[in-house]
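This report concerns only the one structure given below.
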Amino acid sequence: MPDYILVAVAWPYASGPRHLGHVAGFGVPADIFARYQRLKGHRVLMVSGTDEHGTPVTLVADKEGVSPKEVADRYNRIIGDDLYRLGLSYDLFTRTTTRNHYRVVQDLFKTLYEKGYILKQTTLGAFASTTGRALPDRYIEGTCPICGYAEARGDQCDNCGSQLDPVDLINPRSKIDGSPPVFRETEHFFLDLPAFAEQLAVWIGAQEHWRPNVRTFSLNLLKDLKPRAITRDLDWGVPIPLPEFADRDDKKIYVWFDAVIGYLSASVEWANNCGTPDAWREWWQNPNSRHYYFMGKDNIVFHTIIWPGMLLGYGSGGEIGGGSVAAESERVPLQLPFNIVSSEFLTMEGRKFSSSRGIVIYVNDFLERYDPDPLRYFLTIAGPENQDTDFTWAEFVRRNNDELVATWGNLVNRALTNVYRHFKAVPQPSALTQTDLRLIEHIEHGFGTVGDLLDNARFKAALTEVMRLAMQVNSYLSDQEPWKVIKTDRERAGTMLYVALRCIDNLKTMMTPFLPFTSQKLHEMLGYEGYIAGPLEFREYTESDGSVHRGLTGDYSGWRGHWQPGSLPAGQALREPQPLFKKLDEQVVAEELARMEQRASG
RNA sequence: GCCGAGGUAGCUCAGUGGUUAGAGCGAACGACUCAUAAUCGUUAGGUCGAGGGUUCAAGUCCCUCCCUCGGCACCA
């Protein structure tokens, strides 16, 4: 494996609080991966931020009578708090409204434009007759000209499935205020995707390590590539960096064009924040680095076609800056993605998440009442890794009580309680039996098997394997019965408990990517000092124009943990054991369902 | 309509052409009672959506059909 790994996490959209489906799709898997790779000793750069431009933010702002920036500020804070509380170990979680981001986005736009990959075309656009704002196709509804369905969307009829053009709708109206739209010609910039079709086909065709659905889906898209508009008639976005558009408030860069560039701009910002402005090049201009992107399946096209197309087009041209500027001949092209880890969707009690219908569990709401590690456990073991999966409260309670608490929590608790009661410290082992050695070896073997699964982004299988190992330690204890042996042979009982603790110490390391909070707690109970992994922190960053923004970051270089068998020192004093997890009352299910019903009807 | 994904034990899901199709949970029985009434062991439970085909061999590959879900590019 290479030394430099970029963990690029999809940017949550800042039009509202994020729900469990969002963090299940990209946040938790990405963090597990990043934490694991750091424990392996690799240089990991994990970046993301809130995606703050685009129509939905302006709609929320209009509705509340505030500016889009105020909406973005609010949800940037709420989402950042969510991610912090979930322990998502970003090297930088920033936002798309920074000067740095604008500068990098404009550089890419300009470079692509100068190289001829951005074309200007005139199209017919819809605008609200009331406010004059542009209406994306999705925000127009009317009667379907094909089947007569009265609530067809501007781009597609949900009834007959036909693809539509909003101009063809009968009796079209704005979904926002019901007024009829006006159609007029408008000029836009288009990314010339067909120019990259051949290169993309060769590249994607060679990515046999991608999840099959990602690869197949992307190859299919290539069959019919069209230039894609990368500007919008909107006042909220990154300005178009061409003289005739610089001061225009009615046309900005399309939110998705700027959002994917965030991976790069956040890396550049991170390097600046660290006082090493060229450090981002170790990931982006290093042919040996590997870039992993984490997202929900709805974002695949942006990460396998559009962003790679932009990167190919940019090549070694332009210079993003942030330090020394290399001569053009010495520039290295930007790295393409190595893997696109796309997840499916999480549904909620059998239904699609829907904020408007109250079928939703917001991350901040969830974390008010429950701990982050049980949620991380559930989202990993039962999350939408390969197919849509369903979140139900009954299943959450069961997974927590019958799996997490019963198997892993109880193993830790029973072992530590025994040791603490009789020894207060890691017992000094005497000669180890064949059984002892076999168990230790078997658990240590897990670093290989679990590690391989994590390298391949098979999080569910990896966690299942760790749980299986925990069961074997439980089995060992039940079989050896140190609590009986101690009455006649204190030395042998101490040895058994030493064996169990040594296995638990190793399982703790394997659990750390999945369950960082309780692993840290266990780390301390085992008598260690310092952080096995963490902590996260918020910092304020001031830019050249004086604007200040908050970033989620952390100094992860001080992590004590290593993805390898530990040598638990005999004699190390333990701290008094506490349960790692809380057992949840069955009543939680009824309470939470009632809460949801109330929200759905209210 | 087109494209794609799925349909495997009561539930949630693994399964890379090759013994008798697996795991966890649930169930039954037994053991243990150190531990958050947790744990450990044993057992039961499946014509792998239906029907054809290829093959020495099919849950796995091919075809047809049924059912569920997703995407279809100016929502992000």
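The values are calculated or read from the model by the stated rules, or taken from the named source; none is laboratory data. Please read these numbers as outputs of a predicted model, since none were measured by experiment. No Cβ is skipped: glycine too gets one built from the backbone with ideal geometry, and neighbour counts run over all protein chains shown.
Observations on the model:
- When each of A:THR96, A:THR55 is tested for being hydroxyl-bearing (Ser, Thr, Tyr), in contact with a Pro (Cβ under 9 Å, 6 or more places away or on another chain) and within 13 Å of RNA strand B (Cβ to nearest atom), the lone residue that passes is A:THR55.
- Residue count for region A:141-164, restricted to those that are more than 8 Å from RNA strand B (Cβ to nearest atom), assigned to a loop (DSSP other than H, G, I, E, B), in contact (Cβ under 8 Å) with a residue 12 or more places away in the chain and not polar (S, T, N, Q): 6.
- Among the residues examined, A:PRO427 does not qualify as within 30 Å of A:VAL214 (Cα to Cα) and either among the β-branched types (Val, Ile, Thr) or modelled with pLDDT of 90 or more (or both).
- Residue within region A:222-241 that is free of Cβ contacts under 8 Å to residues at least 60 places away in the same chain, in a helix (DSSP H, G or I) and either of a type outside the set (S, T, N, Q) or on the phi > 0 side of the Ramachandran plot (or both) present: no
- Only a single criterion out of (1) surrounded by 18 or more Cβ atoms within 10 Å (Cβ to Cβ); (2) away from RNA strand B (no atom under 15 Å from the Cβ) is not satisfied by A:ALA425, namely (1).
- Matching residues in region A:165-174 - criterion: being outside any loop (DSSP other than H, G, I, E, B) and within 12 Å of RNA strand B (Cβ to nearest atom): A:PRO166, A:VAL167
- Residue that is farthest from RNA strand B (Cβ to nearest atom), among those in region A:229-271 that are of a type in the set (A, V, I, L, M, F, W, C) and surrounded by fewer than 18 Cβ atoms within 10 Å (Cβ to Cβ): A:ALA246
- All helices (runs of 4 or more DSSP H) inside region A:23-140 with 1 or more residues being charged (D, E, K, R) and touching a Lys or Arg at 6+ places or on another chain (Cβ under 7 Å): A:68-85
- Residue in region A:513-530 that is under 20 Å from A:ALA34 (Cβ atoms), within 27 Å of the chain's Cα centre (by Cα) and of a type in the set (Ser, Thr, Tyr) present: yes
- Residues (more than 21 Å from the chain's Cα centre (by Cα) and either within 14 Å of RNA strand B (Cβ to nearest atom) or in contact (Cβ under 8 Å) with a residue 60 or more places away in the chain (or both)) located in region A:439-463: A:LEU439, A:ILE440, A:HIS442, A:ILE443, A:GLU444, A:GLY446, A:PHE447, A:THR449
- Condition check for A:PHE33: away from RNA strand B (no atom under 16 Å from the Cβ) and in contact (Cβ under 8 Å) with a residue 40 or more places away in the chain: yes
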